[in-house]
Amino acid sequence: MHPLHTVNISLEERSYPIHIGSGLIDGADTFATLPGGHTALIVSNTTVAPLYADKLRAALQAKYSRVLLIELPDGESHKHWETLNLIFDVLLTHTADRKTTLFALGGGVVGDMTGFAAASYMRGVPFVQVPTTLLSQVDSSVGGKTGINHPLGKNMVGAFYQPQMVVCDLSTLTTLPQREVAAGLAEIIKYGPIADMEFLDWIELHIHKLVRLDGAALAHAVKRSCEIKAWVVGQDERESGLRAILNFGHTFGHAIEAGLGYGEWLHGEAVGCGMVMAATLSERLGLIDAAYVQRLKMLIAAAGLPTQGPRIDAADNAGRYLDLMRHDKKSEAGEIRFVLLDGPGRAVLRTASDAIVREVIDACC
Ligand code: NAD
Ligand code: GLY
């Protein structure tokens, strides 16, 4: 099988291709350019492995003499040390050497954990991302952020570690629940306002096709999203500046996820609503006009995402949002730094007074 599109991520010796197409995980030639080795380990979960692990295993058997599989428990609540250790247990029990390649088959949870396991097993072994959710195909599998959650914070323990290749097989998305499709659309929509207004126009025109997983629309959306992410990561791999724009909507979104308890709202749902809140804050600060905020809100609603923030504290809702946002990784000395829009296709990092943020939260929840 040949990919419909290949997007390259340029990071000198850490550069790699992102292949996008249908039926890619079955194709032995998809993986032909990977470094060889004796052992491959497919890391998946109890939901995705029964659907796709046999296909991937069949393709990998042409290249590796031993293909192992581990099925992790499914869900964000399992993205922690104990689950990570299950991957090391399999590798060590089977005396996997440092040429062993790990294949992450699943959504962002599996991808983030597999990447972190690859970064740390024997101080680093190769790994490949085979993302099977829309969110992971357009965001989490690209760019090398890997890690796990700590009880005191999401994604707080991890490493920047780039994969050898990303394989976005669009045909795997047919089994994805509709709510997960909408969550992925949030991350696709994000790329428009932060980087590419033509893409935003295109998404508006094709949103109903994307919701239905129309093949041609999906292929274009995944390709353009990966191109924009590759462009950003290529300039700022370790988020010393520009890469923070990829977190548009995430500061409010993380507060929603943490405030409600992880798993109540999906990450993409919280980001969708968080984008409305961040756009509203941008408007209050005079950076963009109300019509632009309304335009984004309508698109986010058309994707099937919530646009009104939940109340996360009965007594002091805005105060609870502010407390949670101070723990954001972008905060410095307790000061929250928001990704805001300062014009069409442009995002900036800015602070705002608590009083204005409170007004925005009250207006949006
Ligand atoms: P997920 O990995 O939990 O997957 C969502 C659900 O869909 C799971 O139940 C999963 O088993 C199931 N699933 C996956 N593929 C399927 C398929 N093809 N058919 C049927 N079911 C399928 O969630 P996600 O939205 O993919 O990823 C969210 C995670 O990604 C979070 O942990 C977040 O922190 C992380 N993330 C990381 C980055 C990064 O840059 N590394 C970026 C964004 C998000
Ligand atoms: N999802 C944000 C990033 O990769 O930086």
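Just so you know, all these numbers are worked out from the coordinates, no wet-lab data involved. Please read all numbers here as calculations on a predicted model, not as lab measurements. Here the Cβ is made from the backbone with ideal geometry for all residues, glycine too, and neighbour counts use every protein chain on show.
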Open item on the list: Give the lysines whose C-alpha is closer than 30 Å to that of Lys154, dropping any in the same chain fewer than 8 places away, or say none.
Closed with: Lys79, Lys145, Lys190, Lys223, Lys229, Lys297, Lys329, Lys330
Task: region 143-162 residues near the modelled Ser240 label - backbone nitrogen below 19 Å, point 7 Å along Cα→Cβ - done: 143-145, 159-162
Open item on the list: Using just the Cα positions, wrap region 81-183 in a convex hull and report its mean projected area in square nanometres, one decimal place.
Closed with: 6.9
TODO: Would you mind pulling out the separation of the Cα centroids of region 312-365 and region 240-278, in Å?
DONE: 11
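Between Asn155 and Ala28, how high is the FRET efficiency from 1/(1 + (r/R0)^6) when r is the Cβ-Cβ distance and R₀ = 35 Å? Nearest 0.05. Working shown, then result.
Values: r = 34 Å, r/R0 = 0.97.
So the FRET efficiency works out to roughly 0.55.
Whole number please: convex hull volume per residue, Cα atoms of the chain, in Å³.
Numbers: hull volume 43.9 nm³, N = 365.
Given the Cα convex hull of the chain, per-residue volume reads 120 Å³.
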- [ ] Considering the options Thr95, Ser331, Leu218, tell which one lies farthest towards the positive end of the dipole of the chain, charges being +1 on Lys and Arg and -1 on Asp and Glu at the Cβ, about the Cα centre.
- [x] Thr95
Task: Cα-based Rg and Dmax for region 1-107, where Dmax is the largest Cα-Cα distance (Å) - done: 14.6, 39
Task: Counted charge near Arg14, where neighbours are those whose Cβ lies closer than 13 Å (Asp, Glu -1; Lys, Arg +1) - done: -2
- [ ] For the chain, find the longest principal axis of its Cα atoms and tell me its angle to the long axis of helix 290-302, 0 to 90°, nearest 10.
- [x] 40
Open item on the list: Quick check: pseudo-label points 7 Å beyond the Cα along Cα→Cβ at His38 and Arg123, how many nm apart are they?
Closed with: 2.1
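Relative to the present Cα-Cα distance, how much length would full extension add between His80 and Val211 at 0.36 nm per residue of separation? Mind dumping the intermediate values first?
Working: separation 131, 0.36 × 131 = 47.16 nm, distance 3.16 nm.
Gain in length upon complete extension: 44.0 nm.
Can you tell me how much longer the chain between Arg98 and Glu204 gets when fully stretched, taken as 0.36 nm per residue apart minus their C-alpha distance, in nm with one decimal? Each step should come with its number before you reach the end.
On the way: separation 106, 0.36 × 106 = 38.16 nm, distance 4.65 nm.
So the chain would gain 33.5 nm between Arg98 and Glu204.
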Task: Antiparallel bridge percentage (DSSP; both residues within the chain; nearest 5) - done: 40
Task: Charge sum, other residues only, whose C-beta stays under 14 Å from Tyr321's C-beta, Lys/Arg counted +1 and Asp/Glu -1 - done: -4
Task: For Ala53, net neighbour charge (Lys/Arg +1, Asp/Glu -1) across residues whose Cβ lies under 14 Å away - done: -3
Open item on the list: Quick check: the angle from helix 197-211's long axis to the longest principal axis of the chain, C-alpha only, nearest 10 degrees?
Closed with: 70
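Compute, for the chain, the length of the dipole vector about the Cα centre, with Cβ point charges of +1 (Lys, Arg) and -1 (Asp, Glu) only. Units Debye, rounded to 20. Could the numbers behind the result be given before it?
Numbers: 32 positive and 40 negative charges, 102 e Å.
In debye, rounded to 20, the chain gives about 500.
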TODO: Rounded to whole Hz and in sequence order, give me ³J(HN,Hα) for region 354-365 from the Karplus expression 6.51 cos²θ - 1.76 cosθ + 1.60, θ = phi - 60°, writing x for Gly and Pro.
DONE: 4, 4, 5, 4, 4, 4, 5, 4, 4, 6, 9, 9
TODO: With a cut-off of 17 Å, note down the residues of region 274-289 whose backbone N falls inside the zone around a label point 7 Å from the Cα of Ala302 toward its beta carbon.
DONE: 276
